[in-house]
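Beneath this line is the structure, given in structure tokens, with notes to follow.
The values are calculated or read from the model by the stated rules, or taken from the named source; none is laboratory data. Being a predicted model, the structure only gives us computed values, none of them experimental. Ideal geometry is used to build each Cβ from the backbone, glycine not excepted, and the neighbour counts take in all protein chains shown.
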Amino acid sequence: MNSNEKLRKRHNIYIYIYAFLATVLLCLLLLIAAAFLPQSRILRNVKISADMISAEGVEPVCWDYMGASQLDTVSETLILMHSCETNKSDLSSVLTNPRIACSENVIDSLQAYKQSDSPEIVEHYVRYWMGFRPFVRLLLTVFHYWQIRRYLTIAAYTLFATVICSVAKWVDIKSAFLFALSIILIRFNIVCQLLQYSVCFLLAFCAMLLVPWLSTRKRYEGLFFMELGMLTMYLDFYTTPIITFGLPLIYLNLLYVKRNEALSWKQTAKDAALWMIGYGGMWISKLVLTTLFTDIDAIRNGFLSFFQRVGIQKVESLSECYNAIGALKKVAWVSTGWPDKAGIKVAGAVLAVVVLFAVIQFLRSRQPLKALKDHVLFLVIACLPILWFVAAAQPTYIHAYFQYRGIVVALWGCMVYVMLTIQKQGESPETGNSSGK
């Protein structure tokens with residue numbers, strides 16, 4: 001390696017460091033700015049929202065009344081409470097994440113605001129950035145909770161439709177259809193109703209709209225995924241973070257296939273590493289900032305929670321949850337319609353038909369067996385949610401009813417692999433016609 005290459009690599013490392021630090025600073029400033037939004041309006045709409053959430057009940061099941069259609073009203077309540085308690089009366093709240101006194105029924109805690117504008121603070125939930133607070137506070141200056149849900153649904157479906165159009169335009173209609181099908185299969189009609197569920201999907205969709213631009217500027221690819229990992233940690237209340245990496249990555253590689261560019265395992269591994277560095281680094285930066293500038297030992301709090309989540313230090317009362325196989329079974333049950341056993345049979349039958357169709361089409365294409373490995377990178381990407389569920393078996397086991405939606409990456413990745421593999425040699429991914437016509 002000559003001196004010029006060393007200088008270039010060192011320069012690139014500095015760019016990543018500066019970008020990381022700038023993002024942390026901007027995210028912190030955004031939270032501070034949000035604290036100065038008119039508290040009286042926010043408090044008024046939180047009070048109006050209290051009765052609405054209480055009437056809906058604790059984690060109700062809607063639509064088809066299956067486990068995968070369960071709403072997380074507890075997290076929605078926490079989102080409203082933490083957003084309300086982040087205000088200029090105590091700027092340290094942007095880091096300490098205060099939470100008011102809770103009754104045994106968490107969703108009824110909002111009722112405390114009806115008795116007092118400043119209910120008693122009993123907990124500081126310091127492990128998360130809770131970067132949703134600036135946006136939720138801004139919305140609460142104008143809308144109450146049910147109005148927010150209404151416009152959230154419209155925004156989510158609009159972004160969804162826009163991404164479908166983008167994939168159809170830049171890749172092909174088949175890929176766009178398979179993307180849409182993958183999203184529909186994880187009950188997007190439930191996702192778009194809640195602030196908690198929709199964050200990662202909204203972020204992933206926005207990232208996907210930037211992918212066509214990114215595909216022609218490869219020098220920014222690693223930086224793009226690092227920033228995406230950072231924003232995921234900043235905004236998400238731990239739901240389906242893997243989709244903010246997997247969905248844009250599948251789209252990006254589809255564009256490379258369309259242009260007959262070689263798929264790079266090395267670049268994909270680099271993108272994954274940088275996303276994880278962004279995701280993990282952003283989390284650690286939150287803990288460090290909170291520990292340095294408040295009287296709370298957030299580093300100890302955060303890592304203790306992390307060790308308990310991954311099973312390094314097990315919580316005795318949750319011992320049955322540290323079971324990777326059990327977590328994967330729960331994901332399978334929920335995604336196929338648990339507790340309706342008929343759903344599992346239907347899913348099995350559909351899968352059998354699809355596999356049979358794919359085998360027949362592959363044989364008809366008369367391709368050599370080695371063609372099966374041409375696009376295997378998509379299968380590797382499809383396995384990422386499975387690895388995530390195994391690594392985080394405890395939270396997956398407990399919250400499978402919403403965390404299972406990470407399988408959307410597996411669904412689209414597998415379907416794209418099959419689509420590309422069964423095409424006859426020389427076919428255009430876009431039209432299915434011979435590229436030599």
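Tabulated data for the structure shown
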| read-out | value |
| --- | --- |
| Tally of residues being farther than 21 Å from Ser75 by Cα, part of a helix (DSSP H, G or I) and touching a residue at least 24 places away in the same chain (Cβ under 8 Å) across segment 381-401 | 8 |
| Selection within segment 347-367 - within 34 Å of the chain's Cα centre (by Cα), more than 13 Å from Met415 (Cβ to Cβ) and without any contact (Cβ under 8 Å) to a residue 24 or more places away in the chain | Ala347, Gly348, Ala349, Ala352, Val353, Leu356, Val359 |
| Filter result for the condition that a residue is modelled with pLDDT of 95 or more and crowded, with 17+ Cβ neighbours inside 10 Å, over Gly302, Gly280 | Gly302 |
| Those helices (runs of 4 or more DSSP H) lying entirely in segment 136-229 with at least 2 residues of a type in the set (Ser, Thr, Tyr) | 145-170, 173-185, 195-215 |
| Output for segment 319-363, where each listed residue is β-branched (Val, Ile, Thr) and assigned to a helix (DSSP H, G or I) | Ile325, Val331, Val334, Ile344, Val346, Val350, Val353, Val354, Val355, Val359, Ile360 |
| Per-region count, segment 281-315, residues among the hydroxyl-bearing types (Ser, Thr, Tyr), part of a helix (DSSP H, G or I) and more than 23 Å from the chain's Cα centre (by Cα) | 2 |
| Criterion (in contact (Cβ under 8 Å) with a residue 40 or more places away in the chain, surrounded by fewer than 20 Cβ atoms within 10 Å (Cβ to Cβ), closer than 25 Å to Asp271 by Cα and among the hydrophobic types (A, V, I, L, M, F, W, C)) met by exactly one of Trp213, Trp170 | Trp170 |
| Identity of the residue in segment 328-346, without any contact (Cβ under 8 Å) to a residue 24 or more places away in the chain and touching a Gly at 6+ places or on another chain (Cβ under 8 Å), that ends up surrounded by the most Cβ atoms within 10 Å (Cβ to Cβ) | Thr336 |
